[in-house]
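Remarks on the structure that follows.
Throughout, read-outs are computed from the coordinates displayed, never taken from laboratory work. Note that the structure is predicted; figures quoted are calculated from it, not measured. Here the Cβ is made from the backbone with ideal geometry for all residues, glycine too, and neighbour counts use every protein chain on show.
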Amino acid sequence: MHILVTGGAGFIGSHTLIELYKAGHTAFVIDNLSNSNREALRRVAEIIGIPEIPFVQADIRDREALEKIFAQNSKIVNGQIVNNFDACIHFAGLKAVGESVEKPLEYYENNMNGTFVLLDVMRKHNCKNIIFSSSATVYGDPAIIPITEECPKGQCTNPYGQTKSMLEQVMTDLQKADPEWNVVLLRYFNPIGAHASGRIGENPNGIPNNLMPYITQVAVGKRERLGVFGNDYPTQDGTGVRDYIHVVDLAAAHVAALQAIERRAGLAIYNIGTGHGYSVLDVVNTFMRVNGVNIPYQIMPRRAGDIATCYCNPAKAERELGWKAQFGLDEMCRDAWNWQKNNPEGY
Ligand code: NAD
Ligand code: WQD
């Protein structure tokens, strides 16, 4: 298939490009590079072994730019112009939870409006297949653990999460109104790790918000110690429990999700996680053991908006897509460190 990849220069997008090409697909990337670097795409091309990844630096809110991309990626069939994209994998969006609380309008505007323009241009060009990066955050404080797709959506505590929840609804309504659409909502749990080559990985701007990039920056000497946000949760050691998933497994889930489009599944929703819950201290201890580095840490107060426990039941993705996570926490910690130590300043 030929896939339009929005946000393809980012953390998950760059890893997904590799898995797409490995499976025989091709891609065209649109990214405004607001949270990524062109170098990531150069390295992706090098790993795949092609001269370059077709790419336009543009904002998905820029309708003209999107129209031009569709025009460039089209062919003439029986005298008619037909768009060449079989599907879109839609990663582009702002994702920092804390920042979204500070700048709600920017988050709503970018994530909502960007997706509206994208969907409208796709519809106009008769490309009605989309895989959307959703998040476990749509479950709020989950009613059921492990979380299945039947678990009701919950109250999101921040504008970022709200955009995911609302965009899921927008695409659900669109598919209901026009059954020609195939909409696959992938609810990611906590993606960490990096490609085994150590050439691409997570490259946050400023102080990392998320656990693993904070740990790797402590390991590389950029930060003094990790703050562990709370040790009084009702979990085995009192620290928060999450379903960490290797980003390469997550990338492969997108390739598997193309099957749902091929068989015209309509609306399909999948949890993408390993099904295992690890605490903050499990991650810290595993990182130290696997990599032989010390991670000083200090217990801090709870972080506002955090929940105690979040992990999924990923059986539906295995049953319907034949997808299952292959990597465990050891590999996630090994590969995250391999990326960070080889690229202490990121790209
Ligand atoms: P990322 O920031 O690395 O990638 C997102 C990419 O989108 C960036 O390259 C950024 O430059 C681009 N972008 C943002 N707004 C854009 C716009 N208006 N036009 C064009 N490009 C734009 O983030 P990621 O971790 O790779 O996440 C990818 C997607 O998955 C996001 O939608 C995110 O919300 C979602 N997600 C991420 C996680 C996670 O923990 N990383 C978890 C669940 C869901
Ligand atoms: C994991 C655990 C923290 C940092 C977020 C978003 C979610 C999704 C994934 C996009 C928690 C603890 C963290 C630190 C810590 N993103 N922690 N010290 O909060 O589960 O999910 O990223 O969709 O929407 O909310 O991930 O990595 O921030 O935290 O103790 O410096 O690590 O309290 O228990 P989270 P995280």
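How high is the relative contact order of the range 193-347, given as a whole-number percent (alpha carbon pairs under 8 Å, six or more residues apart)?
Values: 252 pairs, mean separation 60.7, N = 155.
Relative contact order here is 39 percent.
Starting with the highest mean, order 49-61, 332-344, 295-307, 30-42 by the number of other Cβ atoms within 10 Å, averaged over the residues of each peptide.
Listed from highest to lowest mean packing, they are 332-344, 30-42, 49-61, 295-307.
What GluC sites (Glu not before Pro) does the range 104-183 have in DSSP loop regions with at most 12 other beta carbons within 10 Å?
Qualifying residues, ordered by number: E150, E180.
In the structure shown, do any of K68/K124; K128/K153; K22/K316; K68/K95; K95/K164 have a Cα-Cα gap over 18 Å, and if so which?
Numbers: K68/K124 13 Å; K128/K153 25 Å; K22/K316 24 Å; K68/K95 27 Å; K95/K164 10 Å.
As for pairs spanning more than 18 Å Cα to Cα, those are K128/K153; K22/K316; K68/K95.
Stokes-Einstein diffusion coefficient for the chain at 37 °C in a medium of 0.692 mPa s, Rh from the Kirkwood formula over Cα pairs: what value in µm²/s? Mind dumping the intermediate values first?
On the way: Rh = 20.5 Å.
The diffusion coefficient I find is 160 µm²/s.
Counting DSSP beta bridges with both partners in the chain, what percentage is antiparallel, nearest 5? Kindly include the intermediate steps, with their values, before the conclusion.
Numbers: 6 of 44 bridges.
So the antiparallel bridges in the chain amount to around 15 percent.
Which whole number of Å³ per residue matches the convex hull of the alpha-carbon atoms in the range 210-311?
Working: hull volume 12.8 nm³, N = 102.
Hull volume over Cα atoms, normalised by residue count, gives 126 Å³.
Using only DSSP helix segments of four residues or longer, with each worth -39500 (n - 2.57), what per-residue ellipticity at 222 nm results for the chain after dividing by its residue count and rounding to 500?
-11500 deg cm²/dmol, from helical runs alone.
Mind giving me the nanometre distance, one decimal, between the label points for V82 and T26, set 7 Å out from Cα along Cα→Cβ?
About 1.5 nm, to one decimal.
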